[in-house]
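Accompanying notes for the structure given below.
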Amino acid sequence: MINKELAAKINYQINRELYSEYLYLSMSAYLEDRGLPGMANFMRVQAEEEHFHAMKLFNYLNERGGRVVLDAIEKPKTEFDSPLAVFKESLEHEKVVTDLINKLMDTAISVNDHAARSFLNWYVDEQVEEEDSFNTILDQLELIGGKGHGMLMLDKELGARTFTPPAEEE
Ligand code: OFO
């Protein structure tokens with residue numbers, strides 16, 4: 001049976017991943033409205049990834065004999081200063097999530113749960129990818145100043161992103 005404190009933190013992380021899903025959907029709606037369907041698609045796929053992250057934790061807690069207790073999901077922000085601001089805020093959001101994952105890992109270590117540590121390693125690695133992906137787009141957006149032809153090219157590129165559940169990639 002999984003340690004109670006660890007189970008509570010996993011429950012909290014499920015909520016945070018579902019909030020991430022909601023936040024990125026909100027960003028997608030904003031970008032769609034700004035006439036950037038490719039960037040909107042990128043965020044919609046990101047939201048699907050977040051749903052996957054939440055469900056992976058959901059399934060794991062069940063598997064370990066814990067009880068999933070869902071909480072309310074807070075309202076995400078709906079207005080942003082610019083598409084550039086959206087990606088800046090995404091990167092900041094991912095840094096917060098990385099911090100939460102690291103704290104979750106700290107708890108797994110402190111209660112000597114080796115199985116949870118092994119499971120959480122996937123999230124530790126995933127956060128490196130998450131931050132890197134937003135960082136790269138942000139660099140490109142800054143390079144083109146968030147406007148002009150470059151913006152349309154980047155929008156087209158981001159429109160090609162599709163969701164592939166990570167398990168199927170292995
Ligand atoms: Fe679930 O990684 Fe982003 O938030």
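The table for this structure:
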{"read-out": "The chain: Rg to Rh, with Rh as the Kirkwood radius over Cα pairs", "value": "1.01"}
{"read-out": "1.4 Å probe accessible area per residue over the chain, in Å²", "value": "54 Å²"}
{"read-out": "Whole-Å distance, taken between Cα centres, linking region 104-124 and region 11-66", "value": "22 Å"}
{"read-out": "Table column - 3J(HN,Hα) (Hz), region 69-75, Karplus curve with 6.51, -1.76, 1.60, x for Gly and Pro", "value": "10, 7, 10, 5, 9, 5, 5"}
{"read-out": "Tally of Lys pairs whose C-alpha atoms are under 22 Å apart, taken over region 4-88, 8 or more apart or cross-chain", "value": "5"}
{"read-out": "Integer Hz, Karplus 6.51/-1.76/1.60 couplings in order for region 43-53, x for Gly and Pro", "value": "5, 5, 5, 4, 4, 4, 4, 5, 5, 4, 4"}
{"read-out": "For the chain, built as a Gaussian network whose Cα springs stay under 10 Å, the top-fluctuating residue of 97, 69, 45", "value": "69"}
{"read-out": "Choice from 87, 42, 119 with maximal GNM fluctuation in the chain (Cα, 10 Å cutoff)", "value": "119"}
{"read-out": "Solvent-accessible area, 1.4 Å probe, carbon plus sulfur percent, for region 30-108", "value": "50 percent"}
{"read-out": "Cβ-derived FRET efficiency at R0 45 Å, residue 91 paired with residue 114, nearest 0.05", "value": "0.90"}
{"read-out": "Orientation-averaged projected area, Cα convex hull of region 68-134 (nm²)", "value": "5.8 nm²"}
{"read-out": "Three-way shape label, region 126-170, alpha-carbon gyration tensor, a/c 1.5", "value": "oblate"}
{"read-out": "Sites residue 67 and residue 143, calculated FRET efficiency, Cβ-Cβ separation with R0 30 Å, nearest 0.05", "value": "0.05"}
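The values are calculated or read from the model by the stated rules, or taken from the named source; none is laboratory data. All values derive from a computational prediction rather than experimental measurement. So basically every Cβ, Gly included, is an ideal-geometry build from the backbone, and we count neighbours across all protein chains shown. Side chains are part of the model used for accessible areas, which takes the heavy atoms of the whole protein and leaves out ligands, DNA and RNA. Shrake-Rupley method; radii C 1.70, N 1.55, O 1.52, S 1.80 Å.
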